[in-house]
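Every number here is computed from the coordinates shown, using simple stated rules; none is lab data. Computed from a predicted model, the values in this text were never measured in an experiment. Every residue, glycine among them, receives a Cβ derived from its backbone with ideal geometry; neighbour counts consider all protein chains shown.
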């Protein structure tokens, strides 16, 4: 299942993802980020995921992929990340600014 990325420049943050928390079971997985519906942007970067367990980060205009070698056998571990896209020459981020209770950056949850 791909993580869908949406851009709305009127929102804070302007870049959002669905699902906000992406749960991954133990084992090797490829996680991908794709534009939601007919979004008009290109991907710029994905930061915040440590190597290991994440590796082989690939960023293209239309997709981001990363390998997750989830070896977790105990409590779930959550990894927040930031995705950046570009539209009309302006870069926009999923980084939360002045978050409210319960708000936060997108997360990969290795369980």
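Brief remarks follow.
- The chain: most fluctuating residue of 73, 65, 30 per GNM, C-alpha cutoff 10 Å: 73
- Burial ordering of 88, 61, 68, fewest other beta-carbon atoms within 10 Å first: 88, 61, 68
- Label corresponding to percent of Cα pairs over 21 Å apart when calculated from the structure given, among (1) 64; (2) 44; (3) 33: (3)
- Computed from the Cβ-Cβ distance with R0 of 30 Å, the FRET efficiency linking residue 44 to residue 21 stands at 0.85.
- The length gained on full extension between residue 28 and residue 78, counted as 0.36 nm times the residue separation minus their Cα-Cα distance, comes to 16.4 nm.
- Relative contact order %, the chain, counting alpha carbon pairs below 8 Å whose residues are six or more apart: 33 percent
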